[in-house]
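Here is the structure we will look at, set down as structure tokens.
The values are calculated or read from the model by the stated rules, or taken from the named source; none is laboratory data. As the structure is a computational prediction, the values presented were derived from the model and not from experiment. Heads up, the Cβs are rebuilt from the backbone with ideal geometry, glycines too, and the neighbour counts pull from every protein chain shown. Surface accessibility is based on the protein's heavy atoms, side chains included, excluding ligands, DNA and RNA. Shrake-Rupley method; radii C 1.70, N 1.55, O 1.52, S 1.80 Å.
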Amino acid sequence: MITIDEVPYIGSVTSNHPRVYVATGFAKWGMTTAAVSATLIADLIAGRENRYAQLFTPSRFKLNPGLKNLVVQNAEVAKELIGGKIEAVHLKVEDLRSDQGAIVKYHGKRAGAYKDSNGVVHLVDTTCRHLGCEVNWNEAERTWDCPCHGARYSYQGTVIEGPATEDLIRLNPHYGAEK
Ligand code: FES
């Protein structure tokens, strides 16, 4: 669950229902954001000041005249993700440092590449096997993560977390599929 601005909704569900609270849109950061939500909602119930109340309020878009632009921009992003292969990629496999992952241009096509500490490069097709969005490299976890519905793959393309059920297509050094 990801909100339109990627910031969770935490607080009164609407100004008409100030005593009904919601906490959602955690974008898979549930362990951390649940604790933030508990603190924030407890403060709201008790009538205490909380400096993050306005940041997370689910009503924030009513106050924001830029919402229309935000929706248009996000629709464009979604279109690019699903349309795939649109983003200009300049990095090449040879540019990768040890233990670095990135989107690279390989034989004229977009690919996901990770160079392990032994110098072996693992190449995958970055098209998510769920609904076709483009996965991004997660530097901290060394995984390929899908921004659309949260599927995650190992650096070798193996599914770690759904909704995808199939591995990313692995690419051999000659840019052919291994399977
Ligand atoms: S398209 Fe990747 S998780 Fe849905």
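Things to note:
- Matching residues in the stretch 113-142 - criterion: being part of a strand (DSSP E or B) and within 13 Å of the ligand (Cβ to nearest atom): 127, 134, 136
- Filtered by the rule that a residue be open to solvent by 30 Å² or more (accessible area, probe 1.4 Å) and of a type outside the set (S, T, N, Q), the stretch 121-147 gives 121, 125, 129, 130, 131, 137, 139, 140, 141, 142, 145, 147.
- With respect to the conditions (1) modelled with pLDDT of 85 or more; (2) in contact with a Leu (Cβ under 6 Å, 6 or more places away or on another chain), residue 61 lacks only one, and its number is (1).
- Counting the residues of the stretch 148-164 that are open to solvent by less than 50 Å² (accessible area, probe 1.4 Å) and either acidic (Asp, Glu) or within 12 Å of the ligand (Cβ to nearest atom) (or both) gives 8.
- When residues in the stretch 10-41 are screened for being part of a strand (DSSP E or B) and over 17 Å from the mean Cα position of the chain (by Cα), 12 of them pass.
- Complete set of residues in the stretch 22-56 that are closer than 13 Å to residue 6 by Cα and of a type outside the set (A, V, I, L, M, F, W, C): 24, 25, 28, 33
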